[in-house]
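> Following this message is one structure expressed as structure tokens.
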Amino acid sequence: MTQQPDISALFNPKSVAIIGASATPGKIGNVIMQNLIEAGYQGAVYPVNPKSETILGCRVIRNITDLPDGNGDNSGIDLAVICIPPAEVADAVEALGRKGVRAVIIITAGFKEIGGNGWFLEEKVKKLAQQYNIALLGPNCLGLINTGANLNTTFAVGQPHKGNIAFFSQSGALCVAILDWAQERNLGFSSFISIGNKAILDESDFLTHLAEDPETKVIIGYVEAVECGQRFLSIAQDVTRKKPVIMIKSGKTSAGAKAASSHTGAMAGADQAYEAAFRQTGIMRVDALRDLFNFALAFSRQPIPAGPNVAIVTNAGGPGILAADACELSRLIMAPLPASTVDKLKEILPPFAAFYNPVDVIGDAKADRIAGAMDIVLQEERVHSLLVLVCPTARTGVTDVARAIIATAKMHEKPVFACLMGGPAVREGRDILVSAGIPCYDFPEPAIKAIEAMSRYREWREQPLPVQVCYRRDIGKAREIIREVRAQGQQEIVEFQAQGLLKAYELPIPETRLCRTSEEAVIAAKQIGYPVVLKIASPQISHKSDVGGVRVNLHTAEEVQAAFLDITSRAQRLRKEAYVMGCLVQGMVAKGSKEVIIGFKRDPQFGPMIIFGLGGIYVEVLKDISCRLAPLSLSDAQDMIREIKSFPLLRGVRGEDAVNFTALEDILLIMSQLSLDFPEIHEAEFNPVLANSEGAWVADVRVILAPEHGEASC
């Protein structure tokens with residue numbers, strides 16, 4: 001097993017070597033040197049360049065071989081930053097490895113991201129880093145900043161402010177833009193990491209490190225793809241119990257996914273897998289960079305609200321109503337103010353003010369009136385957080401209001417948020433608030449979204465740890481069925497073959513028999529009991545409805561015999577290459593049962609993704625589904641059923657009985673177990689699953705196997 005590299009050398013090195021340092025202003029090797037020095041780094045700096053004598057006052061080392069050796073006594077180089085041509089990088093990494101360097105940042109581009117020879121160069125660098133157990137960041141990255149260690153190894157312009165937000169990004173260009181944007185808004189960082197191509201270290205490694213970093217309060221990140229999804233799931237679920245993690249994932253609307261051969265495959269796209277991964281690990285996903293930093297600002301400056309109840313104090317009726325609307329559309333609750341609180345407000349506010357939430361202190365209010373209303377509202381135990389919404393007026397001194405908000409907030413432990421609406425007239429007030437740790441937003445809606453994010457995070461942390469359920473099954477019997485299908489050269493286990501698979505997992509199924517003649521079908525129907533269903537049985541026919549291969553609600557022997565002959569002859573006529581074995585005769589589930597679909601598709605990053613939704617032939621049209629990644633917990637199964645839009649139909653409408661939710665949960669959990677037991681199954685689908693108040697039954701099944709060579713996972 002490969003030893004895990006020491007990532008701490010990236011963040012707190014006692015010495016740094018710049019491989020490719022330059023004396024020429026503007027060159028990357030010069031900018032990195034300058035940033036390192038201007039950041040106030042106190043460790044030893046070793047610029048490496050074969051031509052220069054000194055660079056920015058530091059004595060130059062001509063060759064990597066001349067750097068101090070690391071002999072296990074911390075006398076060597078902790079961190080090396082490489083910014084030389086890509087063809088020279090591998091040799092440099094090997095030389096640094098021999099010197100005992102613990103961590104390397106490769107700024108240089110021209111590797112995996114360009115394909116071809118770049119891919120091979122990166123693989124060579126990766127193997128060398130593994131050989132010497134080097135914590136490798138990059139290649140093709142901007143670098144890394146740790147403000148607590150006065151370390152800046154990037155080639156970005158300017159130094160970020162110190163703060164408690166850690167940011168990592170797969171895009172170096174985005175890092176440059178964010179640094180510039182944050183400096184303008186006085187937003188500080190604890191760490192700032194450009195992860196680049198992720199040859200060795202990836203988002204999971206940095207989540208692990210930042211979770212234990214005392215300087216970091218909230219973690220935010222931008223990713224284009226996650227490496228080793230199962231590892232990411234395990235790490236992220238632990239990290240989010242300690243600190244909030246907010247992420248933006250690009251490629252949400254990618255149209256490049258290939259069409260799949262089942263309903264499940266068609267609906268279970270890559271973005272649904274990321275959505276499920278973030279949901280199950282407690283990561284807050286946002287769709288816009290604006291929300292990423294709005295949320296980070298809230299988490300970094302204020303305590304987590306103790307509950308969902310929000311109060312609003314404003315000097316403007318319209319914006320107050322907009323804030324209340326935004327609150328009602330969220331998971332937050334407009335805190336009800338009791339009569340005792342209203343009476344206190346009436347003592348300090350004009351008679352024509354609004355005393356109920358939102359509290360409107362009216363437009364002529366000065367700082368003292370706003371502060372007084374804040375103080376009274378914050379004393380109410382039903383209020384968990386407060387939003388102060390102010391519009392500039394001739395009577396309202398914005399800077400005085402800002403200072404009053406700060407002073408009042410300090411008197412209470414509850415989180416306080418501000419919204420100063422306007423432009424230049426409120427800019428100074430915003431700066432005062434943000435500098436004092438009060439998140440300040442331009443409009444009410446972003447403020448409410450940020451408070452809602454904090455409330456959702458509180459709910460996540462309060463959730464009990466997931467309960468895993470294991471069901472009895474005969475894995476050996478199931479494996480034998482798969483082996484037989486493989487031996488026949490098939491990649492799909494069709495329904496008549498999959499019956500044994502269902503029985504091996506003790507799944508509830510209507511009584512079903514394979515009949516090779518119409519006479520056998522009549523006998524089977526009588527024994528099962530009318531009404532019955534007939535389905536074509538052929539290894540080559542998976543979409544039975546395409547050949548008219550299903551007849552339902554058959555009540556007599558004559559109907560069964562006629563249906564058998566019609567189904568088999570039609571199938572032989574339309575699919576001449578198919579081997580028709582006969583028909584399945586299946587008992588009908590009670591009338592009025594609801595149809596749902598339960599399936600899974602194996603995602604390349606995260607493994608099996610389970611779906612649940614409205615079933616039948618319209619499933620792809622309605623696309624009313626929920627998704628989770630295996631293994632499902634009991635709460636996952638319960639949530640999946642209850643979050644689809646058509647859940648009220650399952651709960652029962654107009655006097656109908658609710659379906660048996662426990663039976664559906666069991667089938668979901670068994671599907672999850674099946675997906676984990678057999679990595680060779682690429683997709684599986686139970687459609688429909690028929691559910692009523694008594695139970696749920698798998699009425700049809702398809703199982704699609706992966707190619708025999710398979711693909712290795714992390």
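The values are calculated or read from the model by the stated rules, or taken from the named source; none is laboratory data. Quantities reported herein were computed from a predicted structural model and do not represent experimental measurements. Every residue, glycine as well, gets a Cβ built from its backbone with ideal geometry; the counts of neighbours run over all protein chains shown.
> Kindly check whether there is at least one residue in region 378-398 that is more than 38 Å from the chain's Cα centre (by Cα) and at pLDDT 95 or above.
Initial filter on region 378-398 (more than 38 Å from the chain's Cα centre (by Cα)): 392-398.
Imposing the further condition that a residue be at pLDDT 95 or above reduces the set to none.
Scanning region 378-398, I find no residue that is more than 38 Å from the chain's Cα centre (by Cα) and at pLDDT 95 or above, so the answer is no.
> Taking region 633-664 on its own, how many of its residues are under 19 Å from Leu465 (Cα atoms), buried (at least 21 other Cβ atoms within 10 Å of the Cβ) and either touching a residue at least 60 places away in the same chain (Cβ under 8 Å) or over 21 Å from the mean Cα position of the chain (by Cα) (or both)?
From region 633-664, those under 19 Å from Leu465 (Cα atoms) are 633-640; that's our starting set.
In the following step, the residues that additionally are buried (at least 21 other Cβ atoms within 10 Å of the Cβ) were identified as 636-637, 640.
Right, trim to either touching a residue at least 60 places away in the same chain (Cβ under 8 Å) or over 21 Å from the mean Cα position of the chain (by Cα) (or both) and you get 636.
Selection size over region 633-664: 1.
> For region 109-157, what are the residues that are in contact with a strand residue (DSSP E or B) (Cβ under 6 Å, 6 or more places away or on another chain), in a loop (DSSP other than H, G, I, E, B) and of a type in the set (A, V, I, L, M)?
Those that are in contact with a strand residue (DSSP E or B) (Cβ under 6 Å, 6 or more places away or on another chain), in a loop (DSSP other than H, G, I, E, B) and of a type in the set (A, V, I, L, M): Ile134, Leu142.
> Which one of the conditions (1) over 11 Å from Ile19 (Cα atoms); (2) touching a strand residue (DSSP E or B) at 6+ places or on another chain (Cβ under 9 Å); (3) surrounded by 13 or more Cβ atoms within 10 Å (Cβ to Cβ) does Glu53 fail to meet, given that it meets all the rest?
All conditions pass for Glu53, except number (3).
> From Leu507, Leu465, Leu420, Leu433, grab the single residue that is in contact with a Lys or Arg (Cβ under 6 Å, 6 or more places away or on another chain) and among the aliphatic types (A, V, I, L, M). Explain how you work it out, then say what you get.
Values: Leu507 fails: in contact with a Lys or Arg (Cβ under 6 Å, 6 or more places away or on another chain); Leu465 fails: in contact with a Lys or Arg (Cβ under 6 Å, 6 or more places away or on another chain); Leu433 fails: in contact with a Lys or Arg (Cβ under 6 Å, 6 or more places away or on another chain).
That would be Leu420, the only listed residue that is in contact with a Lys or Arg (Cβ under 6 Å, 6 or more places away or on another chain) and among the aliphatic types (A, V, I, L, M).
> Taking the stated definitions as given, is Arg369 in contact with a helix residue (DSSP H, G or I) (Cβ under 9 Å, 6 or more places away or on another chain), in a loop (DSSP other than H, G, I, E, B) and not hydrophobic (A, V, I, L, M, F, W, C)? Give the steps one after another, and end with the answer.
Details: in contact with a helix residue (DSSP H, G or I) (Cβ under 9 Å, 6 or more places away or on another chain): yes; in a loop (DSSP other than H, G, I, E, B): no; not hydrophobic (A, V, I, L, M, F, W, C): yes.
It is false that Arg369 is in contact with a helix residue (DSSP H, G or I) (Cβ under 9 Å, 6 or more places away or on another chain), in a loop (DSSP other than H, G, I, E, B) and not hydrophobic (A, V, I, L, M, F, W, C).
> Pro510 fails exactly one of the following numbered conditions: (1) under 41 Å from the mean Cα position of the chain (by Cα); (2) free of Cβ contacts under 8 Å to residues at least 12 places away in the same chain. What is the number of that condition?
The number of the failed condition is (2).
> Kindly indicate which of Val377, Val426 is at negative phi, of a type in the set (Val, Ile, Thr) and touching a residue at least 40 places away in the same chain (Cβ under 8 Å).
Testing whether each residue is at negative phi, of a type in the set (Val, Ile, Thr) and touching a residue at least 40 places away in the same chain (Cβ under 8 Å) leaves just Val377.
> Taking region 17-76 as the region of interest, how many residues are more than 29 Å from Val176 (Cα to Cα) and in contact (Cβ under 8 Å) with a residue 60 or more places away in the chain?
Qualifying residue count for the region: 2.
> What number of residues within region 270-309 satisfy the criterion of being in a loop (DSSP other than H, G, I, E, B), buried (at least 21 other Cβ atoms within 10 Å of the Cβ) and without any contact (Cβ under 8 Å) to a residue 60 or more places away in the chain?
Residues in region 270-309 being in a loop (DSSP other than H, G, I, E, B), buried (at least 21 other Cβ atoms within 10 Å of the Cβ) and without any contact (Cβ under 8 Å) to a residue 60 or more places away in the chain: 1 in total.
> Quick one: in region 207-229, which of the residues that are more than 22 Å from Asp291 (Cα to Cα) and surrounded by 14 or more Cβ atoms within 10 Å (Cβ to Cβ) is modelled with the lowest pLDDT?
To start, the set of residues in region 207-229 that are more than 22 Å from Asp291 (Cα to Cα) comprises 208-209, 212-215, 227-229.
Filter once more, so that each one left must be surrounded by 14 or more Cβ atoms within 10 Å (Cβ to Cβ): 208-209, 213, 215, 227-229.
On the way: Thr208: 96, His209: 97, Asp213: 97, Glu215: 97, Glu227: 83, Cys228: 88, Gly229: 91.
Per the criteria, the residue is Glu227.
> Filter region 399-456 for residues that are under 24 Å from Lys162 (Cβ atoms) and among the hydroxyl-bearing types (Ser, Thr, Tyr); which is modelled with the lowest pLDDT?
Ser435
> For region 158-181, what are the residues that are in contact (Cβ under 8 Å) with a residue 40 or more places away in the chain and not aromatic (Phe, Trp, Tyr)?
Once the filter is applied, which keeps residues that are in contact (Cβ under 8 Å) with a residue 40 or more places away in the chain and not aromatic (Phe, Trp, Tyr), region 158-181 yields Gln159, Gly163, Asn164, Ile165, Ala166, Ser169, Gln170, Ser171, Leu174, Ile178.
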